[in-house]
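Quick note: the coordinates plus some simple rules give every number you see, no bench work behind them. Keep in mind that this is a model prediction, so the values were computed, not measured. Please note: Cβ atoms are built from the backbone with ideal geometry, for glycine as well, and neighbour counts cover all protein chains shown.
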């Protein structure tokens with residue numbers, strides 16, 4: 001037998017870097033805002049494990065005293081006090097989650113929420129949005145964002161019956177939502193959405209879009225599900241729903257909740273969650289759901305954030321400086337590229353014009369230019385996600401010096417791309433190099 005034992009060379013395709021080509025980045029260790037390869041070379045890390053490392057690598061609050069946590073037992077098969085406590089504390093910050101359950105991954109959380117919505121409504125069809133990523137279960141992968149776009153589901157191990165019970169609409173387009181709802185008729189169980197999208201670049205909801213989804217869900221007797229696996233705790237202790245003022249029927253959370261350890265949850269209105277066994281006919285569960293070690297990390301996450309409310313403003317300030325620095329580079333070159341920043345998330349794509357509003361915009365971006373940019377930045381000690389559907393995440397450990405080093409690297413990388421004829425200049429007269 002030849003080749004690596006790890007299928008495809010990685011446990012998740014995006015890690016192979018197949019979208020950008022070249023040798024994949026192999027991380028030997030991480031410390032704070034930095035990743036290190038086998039040669040010991042340091043890179044400023046903006047992948048941050050695709051979101052969950054809000055506190056960077058190896059933060060003392062989440063890397064000390066772990067032997068004592070493990071010594072209590074890895075898993076018991078019984079409910080434990082920390083699990084009950086963490087559920088109460090999550091509910092304090094997300095009141096929409098009147099009742100909730102823990103899972104191990106965000107994929108499980110969303111899959112469970114969809115099952116609950118179907119059980120509660122007695123219907124089958126779920127409406128989701130192109131470019132939103134909700135995990136790797138069958139229903140979620142059609143027109144998914146991140147690195148998981150699936151054009152031919154029947155060749156991807158996804159049964160045709162699954163797509164029969166799925167409607168995919170354009171994000172930020174209520175007219176398209178109406179058209180899809182009309183086709184689904186009274187079979188619609190739920191509208192599933194990332195309230196702020198982090199998987200086709202950073203895409204913000206247009207004014208009135210989320211309100212429109214909630215009104216339509218109520219009008220047709222469906223449930224509104226917010227996938228806050230990325231946004232909760234990235235956008236503050238109240239998540240996107242506190243920011244937007246929209247209270248969904250069901251919510252899924254994860255990523256940062258475990259401080260980098262596998263922990264997620266789903267929950268919602270008490271009457272909706274009452275369909276779950278043992279009270280109702282809908283089953284979800286798992287040996288590792290509410291794992292004591294991961295739950296202990298979840299309690300540490302909330303402890304730290306509640307003790308350091310100023311951390312969000314500090315990250316937002318650095319992210320804003322990074323975004324402004326990128327805008328200055330783009331303006332000097334006359335490239336006509338929009339930069340988007342929200343809290344600790346920064347993003348742009350290689351497409352002239354306004355920021356992405358939907359997946360059509362994201363897919364129109366130049367993948368070849370991003371691939372070249374990724375490698376230019378990597379050569380300069382900046383680690384970016386190897387797909388331009390992903391975004392740059394800052395953490396509490398990124399410094400002002402890191403931001404300045406990154407802006408300088410972007411300036412040099414853009415100059416290199418321009419010299420190679422890979423950057424389209426919006427206005428040649430604007431060039432000042």
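Values for this structure:
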{"item": "Ranked list, fewest to most other Cβ atoms within 10 Å of each Cβ, for 369, 231", "result": "369, 231"}
{"item": "Length-normalised contact order of the chain in % [C-alpha pairs under 8 Å, at least 6 apart]", "result": "22 percent"}
{"item": "Inter-site label distance for residue 327 and residue 247 at 7 Å from Cα along Cβ, in nm", "result": "3.5 nm"}
{"item": "For segment 65-140 and segment 349-428, distance of Cα centres in Å", "result": "34 Å"}
{"item": "Percentage relative contact order, segment 1-142, counting C-alpha pairs under 8 Å, at least six apart", "result": "10 percent"}
{"item": "Segment 65-307, relative contact order [Cα under 8 Å, separation at least 6], %", "result": "29 percent"}
{"item": "Residue order, fewest to most beta carbons within 10 Å, for 387, 156", "result": "156, 387"}
{"item": "DSSP beta bridges in the chain [antiparallel fraction, %, rounded to 5]", "result": "55 percent"}
{"item": "Whole-angstrom gap from segment 42-63 to segment 198-229, using each part's C-alpha centre", "result": "29 Å"}
{"item": "Whole-number Å³ per residue for the convex hull built on Cα positions in the chain", "result": "161 Å³"}
{"item": "Ratio of Rg to Rh over segment 31-177 (Cα coordinates, Kirkwood Rh, two decimals)", "result": "1.04"}
{"item": "Computed over segment 65-307, Kirkwood Rh from alpha-carbon pairs, angstrom", "result": "18.2 Å"}
{"item": "Fraction of beta bridges assigned by DSSP in segment 65-307 that are antiparallel (%, nearest 5)", "result": "35 percent"}
{"item": "Solvent-free Debye scattering, log10 I(q)/I(0), computed from the Cα coordinates of segment 207-247 at q = 0.16, 0.21, 0.26 Å⁻¹", "result": "-0.43, -0.68, -0.89"}
{"item": "Neighbour-count ranking [beta-carbon atoms within 10 angstrom, fewest first] of 261, 137", "result": "137, 261"}
{"item": "Cα-Cα P(r), segment 207-327, percent of pairs per 5 Å interval", "result": "2, 10, 14, 17, 18, 16, 11, 7, 3, 1, 0"}
